[in-house]
1. Pairs, please: C-beta under 9 Å, at least 6 apart or cross-chain, first residue aliphatic (A, V, I, L, M) and assigned to a loop (DSSP other than H, G, I, E, B) and in region 366-393, second buried (at least 21 other Cβ atoms within 10 Å of the Cβ) and at pLDDT below 95?
2. Quick one: count up the residues across region 122-146 that are outside any strand (DSSP E or B) and surrounded by 17 or more Cβ atoms within 10 Å (Cβ to Cβ).
3. For the condition among the aliphatic types (A, V, I, L, M) and either at pLDDT 95 or above or touching a Lys or Arg at 6+ places or on another chain (Cβ under 6 Å) (or both), what is the one hit in 30, 102?
4. I'd like to know if region 76-88 contains one or more residues that are outside any strand (DSSP E or B), hydroxyl-bearing (Ser, Thr, Tyr) and in contact (Cβ under 8 Å) with a residue 60 or more places away in the chain.
5. Find all pairs meeting these conditions: Cβ atoms under 9 angstrom apart; at least six residues apart or on different chains; first residue within region 157-178 and under 10 Å from residue 280 (Cα atoms) and modelled with pLDDT under 95; second residue in a strand (DSSP E or B) and not aromatic (Phe, Trp, Tyr).
6. For region 329-336, does any single residue satisfy the condition of being open to solvent by less than 10 Å² (accessible area, probe 1.4 Å), not in a loop (DSSP other than H, G, I, E, B) and not hydrophobic (A, V, I, L, M, F, W, C)?
7. From the list 252, 218, 205, which residue is modelled with pLDDT under 95, more than 19 Å from residue 107 (Cα to Cα) and either among the basic types (Lys, Arg) or open to solvent by 40 Å² or more (accessible area, probe 1.4 Å) (or both)?
8. Within region 147-170, how many residues turn out to be under 18 Å from residue 37 (Cα atoms), among the polar types (S, T, N, Q) and in a loop (DSSP other than H, G, I, E, B)?
Amino acid sequence: MHTDVLIIGAGPTGLALALDLARHGAAALVVERGTELFPGSRGKGLQPRTLEVLHDFGVLDRVRAVAEHYPPNLIWRDGEPQDEHRMYDPTEPSEAEPYTEVLMLPQWRTQQVLYGRLRELGGEVAFGRELVGLAQDEEGVTAEFATGGPVRARYVVAADGGRSTVRRLLGIGMTGETVDPDPMLVADVRVDGLDREHWHVFRSEEGLLAICPLGGTEDFQLVAQFPQGTAVDLTVEGLRRVVAARSHLAAEQVTELRWISEFRPRAALADRFRAGRVFLAGDAAHVHSPAGGQGLNTSVQDAYNLGWKLAAVLAGRADEALLDSYEEERRANAAAMLELSTRVHRGEERRGRATQQLGLGYRESMLSVETRSDLPADALRAGDRAPDGRRGGTRLFDAFRGPHWTLLTVGTDTPLPAVTAPVVRIPAYEAYGTGVFMVRPDGYLGWAGATADGLAAYVGRQGLLVR
């Protein structure tokens, strides 16, 4: 079997990448070792920048229909509620940043939404395909599986998680640290006797227990921490004993165990995000502490960054050198998010503006060309996220939506080169100032100038110039 892109793993990273490639008309095959999509809640927080990506994918309304707001924490001691506090520092939405609230949705349901959209676009997942071998040459990559025939692809993307088989086969190491040596248990359960308006936190001598209602479901996510060296019991009986020992709930009030796992918080970054025609994305490239809700979101950003680049190269619109920008851009951002997750885990930073991922960008990228000088310190620059807004009857996020570049002029009628990308002209707008901006398919400014001088050379390199 042959395909343009073979994606190993059908988690949020693999599904988001496959969906993005499908929008671009690129042929991609997703293979998954399991017999179904991952069933647990693991990554349950959707950050504002990810909501913008979901808007672009055309599924934000579906997510909002089932997601919930993060409830306040309710602290319990000796069977009595003590006080409430918010986990996240709120940020007011604005015209430029319309989504500033973190939404709660269990990972399995986020995957369902992405998978549903992928199937609408003609994509599919091949389940029960366990990768056992990879061999690449100048023309492509051959993947071997435990069952079924080999697959030949021009490129392969590893989206197969923190214990990535692809990363092991490539011999790529990971550098990191144990964030917390104490083992933790996470489970999806049904519980009687707790309201769904709070994230219930129980503090006792036995250790931390937190039980959070999962938006869009009848489930709660349960997290318990244990002393270093503890052999964690992953049975329903063991879980009930923990709940009875650490809270006022009786063991039988845990009525159902739907999924359970053990982990030790760690932070690790792959030494490389690319080896020839194979790319690492998501947890295969970076492993986070769950604190701060950065792992799934950083993973979706990987896919969003890589998808349009692979599609442009596969279609012959861009030179293969464009793919070098993936590691340059995403590895630096992943490293920053790992540091942030660790600080949040250790109580050194609050969840707020930094964890929303709206401020992340690529100013130092080979793809970012800023032609203006003497800009104010707070000015929008090439490499920054392109703000939303409504001007002249145009909503910018709707104009940007889709797999295309967008040529945007703000408050200027400067002559423009002929491009294959849509051209949007709006009046002056404080979020942009005035000028000419080339907006990448992933919503970042690739080129910025006071006029269009020099723009033709840039769009020519991206295969967008009408000759």
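The values are calculated or read from the model by the stated rules, or taken from the named source; none is laboratory data. Just so you know, these numbers come straight off a predicted model, no measurement behind them. For neighbour counting, all protein chains shown are included, and Cβ atoms are generated from backbone atoms with ideal geometry for every residue, glycine included. Please note that ligands, DNA and RNA were not included when accessible areas were found on the heavy atoms of the full protein model with its side chains. Shrake-Rupley method; radii C 1.70, N 1.55, O 1.52, S 1.80 Å.
1. 367/462
2. 3
3. Values: 102 fails: either at pLDDT 95 or above or touching a Lys or Arg at 6+ places or on another chain (Cβ under 6 Å) (or both).
Result: 30 is the single residue among 30, 102 that is among the aliphatic types (A, V, I, L, M) and either at pLDDT 95 or above or touching a Lys or Arg at 6+ places or on another chain (Cβ under 6 Å) (or both).
4. Taking region 76-88 first, the residues outside any strand (DSSP E or B) are 78-79, 86-87.
Then keep just the ones that are hydroxyl-bearing (Ser, Thr, Tyr); that gives none.
Looking for residues that are outside any strand (DSSP E or B), hydroxyl-bearing (Ser, Thr, Tyr) and in contact (Cβ under 8 Å) with a residue 60 or more places away in the chain, one finds none in region 76-88, hence no.
5. Pairs found: 161/287.
6. Yes.
7. Just a single option satisfies the conditions, and that option is 205.
8. Qualifying residue count for the region: 1.
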